Amino acid sequence: MNEPSQNWAKCYEYGAARIHSPASVDQLRQIVQSSPKVRALGTRHSFNGLPDTEGDLVHLGRMSRPLAIDRERMTVTAEAGIRYGELGAYLEANGFALANLASLPHISVAGACSTATHGSGDRNGNLATSVCGVDLMVADGSIVQLGRNETPETFDGAVVALGALGIAVRVTLDILPTFAVRQDVYEDMPFDEALGHFDETMSSGYSVSLFTDWTAPCFNQVWRKRATSPDDDSPAEPEFFGGRLAAHDLNPIKGSSPENCTTQTGIPGRWNDRLNHFRMEFTPSVGDELQSEYLVPRSRAVEALRAVQLLADQIAPHLYLTEVRSIAADRMWLSTAYARDSVAIHFTWKKEWDAVHDLMPLIEAALAPYEPRPHWGKLFTIVPAVLRERYPRLHDFHSLAKSMDPAGKFRNAFVDGLLGS
Ligand SMILES: Cc1cc2nc3c(=O)[nH]c(=O)nc-3n(C[C@H](O)[C@H](O)[C@H](O)COP(=O)(O)OP(=O)(O)OC[C@H]3O[C@@H](n4cnc5c(N)ncnc54)[C@H](O)[C@@H]3O)c2cc1C
């Protein structure tokens, strides 16, 4: 109880009658068994009403411990409320790593994976693709164990599940031996160069992000994160497709302090100190903001970016920044990168609701030929009927939701709208 009733960005007020913070599986079970409508709340970083319910919200912040590393299977198991920053520190202390991270370490593993949260990297799937097992508390309070190898027929529907199947209490993720990463930032790379050499640019590192505020025809910053040895002190090329190597750390948001950001200038560091853009001890991004993001097929990304560029003059006054990232295709039914290598075009907006509501349909129309899939946890106006066409396995998800939760205890208006029920 006494959990904040707003999301992180303070742009959505949860309508739930109660918000609980159970400290054990038994306490959680009591809530689930006694409530006709219940949903999980992660760290509240989504920008829309996706987590909400009219009944009971449960936040698993007190069920967030790392549990065990299996060195033979190369997996880690943790309570589902754990945040990536905490899991990363635990893994690194034991000599292990995750394959990738999002821009911020503050989000919970279960909440992030439920929405197909992603970082960047041509060969990196979204964060949910690292999950190989999940223990779900279902409607009667029992726990169903699902695994990539153990229950292959349903597993691809059960991780990116928008909280609609049950409440994840434990997650198991693939791990790697720890590795070092350096990030070099290039400033003012002209669009013509970056888009003319898009594949080379995006594949030039383990994880590459392009940032623009659309006020000039260039990417203001290009963040190139490369896996390397911890003692790599080789100089980076001074120029990269017309971008100039930055001499000191930068924040991708103009005018914001680089103190909030992970170390750049090519200094190698641990994977969990470099793959995020923002540091755990500081506020990520701006705070007072809205976000939307659309994933398009990587093969059409240049066309899609050129289509958005035509709206630059309308977008720029209301925007902090756009980030462009690359995500490998996966098989998860509701993943925004389902069956297609993707590029994500992201918008961090000023908190100007009216302008953002007017702009989203314009961007969605410009991107329509590329069948954009909006980030589930960000703002969009694409209607459910159109979304349904973009998820070929949605009917399988619908059947799974009906069989695991026949009374719809874990469903809400967002999920019902999507499923068409
Ligand atoms: C500053 C900022 C930066 C961001 N950067 C990125 C980024 O780099 N990449 C990206 O892809 N996204 C990014 N996001 C979006 C964010 O990662 C997603 O919205 C993510 O889902 C938030 O996770 P959360 O833990 O806050 O979950 P919430 O937003 O609280 O919930 C999201 C969904 O997860 C479900 N859920 C939560 N816990 C559980 C559980 N235990 N069991 C079952 N379902 C559960 C909820 O029911 C809900 O459906 C960013 C958001 C912010 C605010």
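Below is a table of values for the structure above.
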{"read-out": "Among residues of the stretch 137-170, those that are more than 19 Å from the chain's Cα centre (by Cα), closer than 20 Å to P36 by Cβ and either free of Cβ contacts under 8 Å to residues at least 12 places away in the same chain or buried (at least 23 other Cβ atoms within 10 Å of the Cβ) (or both), counted", "value": "4"}
{"read-out": "Wholly enclosed helices (runs of 4 or more DSSP H) of the stretch 25-142 bearing at least 2 residues closer than 30 Å to D341 by Cβ and modelled with pLDDT of 95 or more", "value": "84-93, 109-114"}
{"read-out": "One residue from S285, S256, S292, S234 being within 16 Å of the ligand (Cβ to nearest atom) and out of contact with any strand residue (DSSP E or B) (no Cβ under 7 Å at 6 or more places or on another chain)", "value": "S256"}
{"read-out": "Unique residue being closer than 19 Å to R170 by Cβ and either more than 10 Å from the ligand (Cβ to nearest atom) or over 14 Å from the mean Cα position of the chain (by Cα) (or both) when the list is L127, L91, L57", "value": "L91"}
{"read-out": "Elements of type strands (runs of 3 or more DSSP E) contained in the stretch 143-232, each with 2 or more residues being among the aromatic types (F, W, Y)", "value": "218-228"}
{"read-out": "Only one of A93, A99 that is within 24 Å of V181 (Cα to Cα), among the aliphatic types (A, V, I, L, M) and surrounded by fewer than 18 Cβ atoms within 10 Å (Cβ to Cβ)", "value": "A93"}
{"read-out": "Some residue of the stretch 101-119 being hydrophobic (A, V, I, L, M, F, W, C), in contact with a helix residue (DSSP H, G or I) (Cβ under 6 Å, 6 or more places away or on another chain), away from the ligand (no atom under 15 Å from the Cβ) and more than 21 Å from A16 (Cβ to Cβ)", "value": "no"}
{"read-out": "Which listed residue is surrounded by 18 or more Cβ atoms within 10 Å (Cβ to Cβ), aliphatic (A, V, I, L, M) and more than 13 Å from A164 (Cα to Cα), from L418, L379", "value": "L379"}
{"read-out": "Test: residue in the stretch 264-277 that is within 12 Å of the ligand (Cβ to nearest atom), touching a residue at least 60 places away in the same chain (Cβ under 8 Å) and more than 27 Å from L367 (Cα to Cα)", "value": "yes"}
{"read-out": "Of residues in the stretch 34-56 being out of contact with any helix residue (DSSP H, G or I) (no Cβ under 8 Å at 6 or more places or on another chain) and farther than 17 Å from A112 by Cβ, the one surrounded by the most Cβ atoms within 10 Å (Cβ to Cβ)", "value": "T53"}
{"read-out": "Condition check for S21: polar (S, T, N, Q), within 11 Å of the ligand (Cβ to nearest atom) and crowded, with 17+ Cβ neighbours inside 10 Å", "value": "no"}
{"read-out": "Among residues of the stretch 321-347, those that are under 19 Å from L305 (Cα atoms), surrounded by 22 or more Cβ atoms within 10 Å (Cβ to Cβ) and out of contact with any Gly (no Cβ under 9 Å at 6 or more places or on another chain), counted", "value": "10"}
{"read-out": "Qualifying residue in the stretch 241-249 (condition: of a type outside the set (G, A, S), outside the structural domain of G88 (by TED's automatic domain parsing) and closer than 20 Å to S103 by Cα)", "value": "yes"}
{"read-out": "Among residues of the stretch 318-340, those that are within 11 Å of the ligand (Cβ to nearest atom) and of a type in the set (D, E, K, R), counted", "value": "2"}
{"read-out": "Test: residue in the stretch 299-313 that is in contact with a Ser or Thr (Cβ under 9 Å, 6 or more places away or on another chain), under 28 Å from P51 (Cβ atoms) and at pLDDT 95 or above", "value": "no"}
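The values are calculated or read from the model by the stated rules, or taken from the named source; none is laboratory data. If you're wondering where the values come from, they're calculated on a predicted model, not measured in any experiment. FYI the Cβ positions are ideal-geometry reconstructions off the backbone, even for glycines, and counts take in every protein chain you see.
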